[in-house]
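Every number in this text was worked out from the coordinates using simple rules, so none of it is lab data. What you see is a predicted model, and the numbers here were worked out from it, not measured in a lab. For neighbour counting, all protein chains shown are included, and Cβ atoms are generated from backbone atoms with ideal geometry for every residue, glycine included.
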């Protein structure tokens, strides 16, 4: 017994030691991963920040290439033709929105020290007027502003402007570039960029700006380039003296402990210092340690009991149990590996279905949305990417140097996409050297989505071009709030990428100038129309016609002959769908459809033909279920004066045109006529069975105006409500046993379609 207890105890001790080793190893690995994650994020943000600096330099170089700008820059007085050239230059700058489109700028201007003038796309005035009239800075700070504009020590730094704008809620930075620094002789001008502090902070999303965290950027000469939330006691010399051998440094500043990370840029030699929460605080290790101690004690207590218990039994059952558990773990592990290996394939398949428009139901799209993990997104878009490694030579496909196969090249591109756009990234390749990326964002991110994608594409292009000599081109569609309609974004993005050039590698669809000499009806739209019709997908058919109408009628002014050609092409598509009808299609409905094909061709006729074909192809179960639900809704809400097509469409998330079409098909009458008949039937019942006053009657059946109610009542029954009540009272006096139809004295209620079974039969 003692030997068995001893042997089991040793075994328990070994497990405990391994457990402690595993715990320490896990904590260390987690710490390394945490530090690496912070560093990687900062490097990415620093590259984005330096990309913005490059954009400012490019903008300045563009200014130096302008002949008029060089003349104005070197003028030593303000006599003629100085002001005329300045005004001409102002108008020229108004058309150049390069910097404003790519940078988080409030404004920018050029200062000419020789003439003491300020140039902007909206003004060309003296510095004195600019300071007091335009910016309305405090007069006490004028000398400081002038020193900023003229002294070299303030150049190429982000200078806080709190003293210039003390009464503003927003805070700003000033960044000054001397054009002489761009290797242009006698460039007597300085360009000033003014940034919003909050938008500058957004560039460094690695730093949480809502607490004690801060960021500092310094140059090689220990001058400060940028500070965000940095304590006043921190200097560039103090930061440079810290020891970062462990990858981070611990420092106490103003009574607070900080964990600092550091990154030195190879391009600019800038040093980036950022603070992040200590790992123990970020990971909540205090609770983890207590939990470990608890489980360790529990393991020891449980293990002691088990040692005593199993010491009294044969050791074989324990071994067998361990083997069974190990087998179960291995089986579960293998199953999980299979599931994990299949997930990327399934995600790619779902993305392909969504972008091609083959998802035919809201339930199917909802399932895909949940599987991909983007159910919380408010907006969606598609990025269409094309890459070339031998741009300009379309005759032969070659591989970049060092790349041995197309599979390796594709892996390089896919890895780069994931590194720059983040993971998980949902995409598929519609053809060789192309990728379609499904984008999703929240409502807050939607307004800046295209700008962020533009910055990301520029950085990705520079990386691939510098590393592999690969050119990247991309187009993006319009944002949509429905994943069901994301196929429209795919079509738009694929069209937008065709407008890219070497100078414009990224092109949004909304920037395309629509040519009124060409109508919009690509083969992809024709294919989708046939697909949606053949699957009976009425909502998507209506959405497709809305897209065709928007592109050709709303955004273009097509001549009559092109409009006829467009309608003819749509008709030909519908004819293809007509001849694909199943053999068991209703003969009478097909006959009526064929007759309508011979009517005068209009956009409305094409839409009606498409909907009729949908009905012949589609399954009516969904429509019947929807009709039953609408039946109940009208029954409960017909007294609501606001009840109408728009309210029902909003309530059931269907288009007004689809609801109107479905309702007319099911009932044989328009919705407005149907609702009026329901209200009139109820009004007649109230007159017969209650003593409700006529002044209250119209409100009780859903009307806001008594005159409108009386006109509708007389149109249906031929008499006014008061005349009907008088007739009923007279009839009741003569014969109380007369049936309800006779009681109305010949006033028959309207004939109601029997789709809605609750209606009373009078």
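Only counting other Cβ atoms within 10 Å, I'd like 16, 355, 48 sorted with the fewest neighbours first. Show your work: numbers first, answer last.
Working: 16 14, 355 26, 48 17.
Least to most surrounded, the residues fall as 16, 48, 355.
Mind giving me the nanometre distance, one decimal, between the label points for residue 638 and residue 408, set 7 Å out from Cα along Cα→Cβ?
Label at residue 638, label at residue 408, 7.6 nm between them.
Could you give the distance between the Cα centres of the stretch 505-535 and the stretch 119-191, to the whole Å?
Their Cα centres are 48 Å away from one another.
Counting each pair of different Cα atoms once, what's the Kirkwood radius of the stretch 523-619 in Å, rounded to one decimal? Mind dumping the intermediate values first?
Working: mean 1/r = 0.0731 Å⁻¹.
Here the Kirkwood hydrodynamic radius works out to 13.7 Å.
Starting from the 7 Å offset along Cα-to-Cβ, what nm value, one decimal, do you get for the label separation of residue 629 and residue 572?
Output for this residue pair reads 4.0 nm.
Compare the peptides 611-617, 639-645, 56-62 by average per-residue count of other Cβ atoms within 10 angstrom and give them in order, highest first. Each step should come with its number before you reach the end.
Numbers: 611-617: 20.7, 639-645: 13.3, 56-62: 16.0.
So the order, starting with the most tightly packed, is 611-617, 56-62, 639-645.
What length, rounded to one decimal in nm, is gained on full extension from residue 92 through to residue 546, with 0.36 nm per residue of separation minus their alpha-carbon distance?
Numbers: separation 454, 0.36 × 454 = 163.44 nm, distance 3.95 nm.
Computed gain between residue 92 and residue 546 is 159.5 nm.
Could you calculate the contour length gain from residue 647 to residue 126, that is, 0.36 nm times the residue separation minus the distance between their Cα atoms, to one decimal place in nm?
Values: separation 521, 0.36 × 521 = 187.56 nm, distance 5.89 nm.
Net length gain for the segment: 181.7 nm.
Calculate I(q)/I(0) for the stretch 66-201 by the Debye formula, one identical point scatterer on each C-alpha and no solvent, and give its log10 at q = 0.10 Å⁻¹ to two decimals.
-0.32
What does the extension gain come out to for residue 694 and residue 557, with contour length at 0.36 nm per residue minus their alpha carbon separation? Intermediate results must be reported in sequence, preceding the final value.
Numbers: separation 137, 0.36 × 137 = 49.32 nm, distance 5.36 nm.
Separation in residues times 0.36 nm, less the Cα-Cα distance, equals 44.0 nm.
Looking only at the stretch 344-511, where both bridge partners belong to it, what percent of the DSSP beta bridges are antiparallel (to the nearest 5)? List each step's numbers first, then the result.
Numbers: 18 of 21 bridges.
Of the beta bridges lying entirely in the stretch 344-511, close to 85 percent run antiparallel.
Give me the compactness ratio for the stretch 344-511, meaning the Cα radius of gyration over 2.2 N^0.38 Å.
Values: Rg = 15.8 Å, N = 168, 2.2 N^0.38 = 15.4 Å.
Rg over 2.2 N^0.38 Å, computed on Cα atoms: 1.03.
Measure out, as a whole number of angstrom, how far apart the alpha-carbon centroids of the stretch 85-115 and the stretch 395-451 sit.
Their Cα centres are 35 Å away from one another.
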